[in-house]
Amino acid sequence: MTTIVRMWRAVNSDLEGGNRNILNKVVQNNAAKKKNVEVEDELKQEESTSNPVKEDDDTMTFEEFVKKKFSLIRKSLKCCMIDLYIHLPTSLLPLEVVKDMIRALKLLKSLQTLLCSLITVASEGLEHVLNDFEDIESSVGCSSKSSITIKECLDVLRSLSHTFSVPNLTEHYAIQKFCLANACLVFCTASSSAKLHTEGMTPLELLVIDEAAQLKECESAIPLQLSGLRHAILIGDERQLPAIVQSKISTNAEFGRSLFERLVMLGDQKHLLDVQYRMHPSISFFPIKEFYNSQISDAPNVIERGYEKRFLQGNMYGSYSFISIDHGKEEFEGHSPKNMVEAAVVSEIVANLYEEFLVTKKKVSVGVISPYKTQVYAIQEKVKRYSKYSDSGFSVSVRSIDGFQGGEEVVIIISTVRSNEKGSIGFLSILKRANVALTRARYCLWILGNGTTLLKSTSDSVWKKLVLDARERQCFYKAEEDQKLALAITAALVELGKLDILLNNDSLLFREARWKVIFSNDFKESTQRVRNSEICKEVLYVLQKLSSGWRQPQEERDPIVHDGPSSQLLEMSKVSEQLNLVWNIDSLKEDSNCIQILKVWDVVPLSDIPKIAKRVDILFGRYRVDEMNRCKHRGEFCCSKEMVSDSRSCSEPNTVVSLSKDLSSLRISDEPETSTAIYRWYHARVNSSAITPQMKAGTMGKLL
């Protein structure tokens with residue numbers, strides 16, 4: 001309605017009084033040079049008042065003034081006319097008048113072009129045009145092109161002023177009432193339709209309610225009471241979320257039920273819109289099958305090859321994928337759970353999308369959906385720095401499922417949050433909520449969740465079916481298959497103090513290591529007591545290097561001074577200025593083979609190492625000579641994971657493979673220009689450690 005108010009006021013000032021009078025005044029000021037001087041003086045005064053001109057600026061000539069003023073008048077009149085014939089109903093503005101408005105605008109444009117071509121420095125062209133205007137006004141025949149154009153334009157403008165009168169309305173309420181009374185089409189919310197009960201209002205015959213399944217029955221009653229209604233059309237989807245109702249009592253009383261849903265339940269006829277135009281077919285496949293009994297088909301536009309878009313490299317980032325995060329842990333704040341590991345993975349994916357955007361400069365809008373508000377807040381905090389780039393073509397929107405209903409984005413990332421051994425998924429199991437979440441994406445839908453937890457949910461759970469469907473369609477991936485995501489998960493677990501998850505042979509750190517690592521209870525207890533995350537990172541960094549085959553050169557090692565048998569086997573690696581990692585190579589019998597392993601005893605200050613040595617002496621004192629030899633054996637390589645009982649098998653040479661630096665890519669960074677694999681500290685740490693030929697190493701796993 002504000003647009004209408006502005007439009008009417010502009011018409012009042014420009015059409016009736018302003019623009020046409022100015023045009024007449026300008027063209028009639030050619031009688032004498034004195035008038036030219038007066039106009040120039042007036043222009044100078046206006047210019048000096050609004051925009052003070054520097055002394056060295058050129059003064060505008062009369063010809064330039066005419067061109068500029070005419071252009072401003074034409075643009076203002078064009079704006080008003082377009083607003084009028086777009087927004088006013090045909091009952092007030094007949095179609096013939098609209099045609100005359102369009103014709104007048106074309107003539108004014110032609111006249112402006114003609115003026116620009118005729119006006120010369122000596123102003124003979126302008127005087128010629130003005131003389132033609134005088135001839136027209138005095139009814140003297142003139143057949144020049146300019147006179148014909150001027151005459152036709154003036155005739156149309158005069159005709160408009162007679163056939164279309166501007167109401168003398170200036171008050172906001174009066175204009176609003178006038179427009180509503182003459183409108184044929186009215187667009188409004190259900191609640192604001194109450195304002196249509198206005199005296200003099202033309203009766204409306206047809207009511208169309210969009211998103212009707214989200215409108216409570218009591219709210220539907222507001223527009224349905226409008227006088228004159230003969231037909232009502234409700235457009236909605238009862239398979240998606242209904243209106244939000246906070247009160248549990250009201251919910252149980254079905255206060256949130258819509259009129260649309262009631263009519264469906266009563267068996268009233270409904271028509272299914274059976275073509276979807278939003279989702280790539282790989283995205284729409286599961287929801288169409290699960291929620292709509294395969295009754296909906298894909299439109300031609302989404303089937304085209306050009307609708308398949310790639311925003312990141314790798315099969316994991318195709319049009320549709322389920323990315324399982326098995327190491328996530330849900331934690332509750334009140335009744336709302338959050339999963340910070342999933343939040344870290346979301347942040348990493350968004351960072352990678354932004355890096356790709358910087359390279360390609362292709363616009364991308366990312367939507368992140370989670371069913372829980374606490375998770376929404378956690379993710380918003382991690383990706384808030386990207387909000388400043390929305391104007392440049394990269395936008396990120398993080399909302400709950402309820403908040404995303406009716407919306408869509410180019411890329412959608414769903415964080416399901418739930419990660420527990422029982423398979424409990426809470427209200428995530430609600431079909432309508434799942435339907436909304438799974439149908440918001442246009443080109444890419446990436447679902448993050450704990451596949452094991454979702455598979456343990458009830459047999460009829462839509463999320464269990466989704467995971468099984470993803471596996472069947474080969475769209476199921478482990479997050480750690482992507483190196484950056486693996487690093488982000490590791491970083492999140494360190495920040496959360498969940499080192500116990502990382503300190504096992506199946507963890508992200510050691511799953512592909514060359515050496516099997518065994519941790520003592522003392523070591524696990526010590527790491528749990530460490531509150532400094534930087535020290536925890538350093539411990540993991542040293543463990544990662546050792547398990548991958550790295551050994552410090554003999555001349556750089558700090559020997560453990562001790563008289564017992566442990567002095568032959570026990571070693572230490574510096575973690576920080578105060579702490580040292582105490583470990584040794586041990587042997588372990590598996591089936592018929594003996595394998596060398598890394599035994600990690602503790603991370604302690606230098607002063608506590610003798611205590612550990614004394615305890616270890618007792619253990620090593622029980623070893624036979626051949627067992628001690630297996631522990632002490634070194635070949636041309638120092639990362640043999642398996643060796644048979646015959647020690648001769650250990651003497652076979654092996655090629656030296658350089659140490660992978662993947663763990664060192666972890667870094668702390670707040671800038672979105674870099675990957676949020678988050679730990680720059682590791683990057684600086686590994687660069688300060690030169691890898692020499694003496695650092696014999698095996699290959700690290702593909703993960704870290």
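Every read-out reported here was derived from the displayed coordinates using simple, explicitly stated rules and does not represent laboratory data. In this text the structure is predicted, and so the values were computed from the model without any measurement. Neighbour counts run over all protein chains shown; Cβ positions are idealised from the backbone, glycine included.
Sorting T458, T149, T416 on the 10 Å Cβ count, fewest up front, what's the list?
On the way: T458 12, T149 19, T416 29.
Listing T458, T149, T416 from fewest to most nearby Cβ atoms yields T458, T149, T416.
Say the cut-off is 21 Å between C-alpha atoms; which of K465/K498; K75/K109; K388/K537; K106/K151 go over it? Don't skip to the end; give the middle numbers.
Working: K465/K498 31 Å; K75/K109 10 Å; K388/K537 32 Å; K106/K151 14 Å.
Violating the 21 Å Cα-Cα cut-off are K465/K498; K388/K537.
Could you tell me which trypsin sites (Lys or Arg not before Pro) in the range 191-251 are loop residues by DSSP with no more than 11 other beta carbons within 10 angstrom of their beta carbon? It would help to have the intermediate numbers written out before the result.
Details: sites: K195, K216, R230, R239, K248; in loops: R230, R239.
Taking the range 191-251 and a limit of 11 other Cβ atoms within 10 Å, the loop trypsin sites (Lys or Arg not before Pro) found are R230.
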**OP:** Let me know the shape class of the range 281-481, please: from the alpha-carbon gyration tensor, a ≥ b ≥ c as square roots of the eigenvalues, rounded when a/c is under 1.5, otherwise prolate if a/b is greater than b/c, or oblate.
**Re:** oblate
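How much net charge surrounds V411 when only the other residues with a Cβ under 12 Å from the Cβ of V411 are counted, with Lys and Arg +1 and Asp and Glu -1? Numbers along the way, then the final one.
Numbers: positive: K309, R310, K362, K363, R440, R442; negative: E356, E408, E409.
It works out to a net charge of +3.
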**OP:** Could you tell me whether the range 488-546 comes out rounded, prolate or oblate from its Cα gyration tensor? Rule is a ≥ b ≥ c as square roots of the eigenvalues, rounded for a/c under 1.5, then prolate if a/b exceeds b/c, otherwise oblate.
**Re:** oblate
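Find, among the chymotrypsin sites (Phe, Trp or Tyr not before Pro) in the range 274-315, those assigned to loop by DSSP (not H, G, I, E, B) with at most 12 other beta-carbon atoms within 10 angstrom.
Values: sites: Y277, F285, F291, Y292, Y307, F311; in loops: Y277, Y292, F311.
Counting only loop positions with at most 12 other Cβ atoms within 10 Å, the chymotrypsin sites (Phe, Trp or Tyr not before Pro) in the range 274-315 are Y277.
Quick one: grab the alpha carbon gyration tensor of the range 348-449, order the square roots of its eigenvalues as a ≥ b ≥ c, and give me rounded if a/c is under 1.5, else prolate or oblate depending on whether a/b is larger than b/c.
Values: a/c = 2.13, a/b = 1.77, b/c = 1.20.
Taking the square roots of the gyration eigenvalues as a ≥ b ≥ c, the range 348-449 is prolate.
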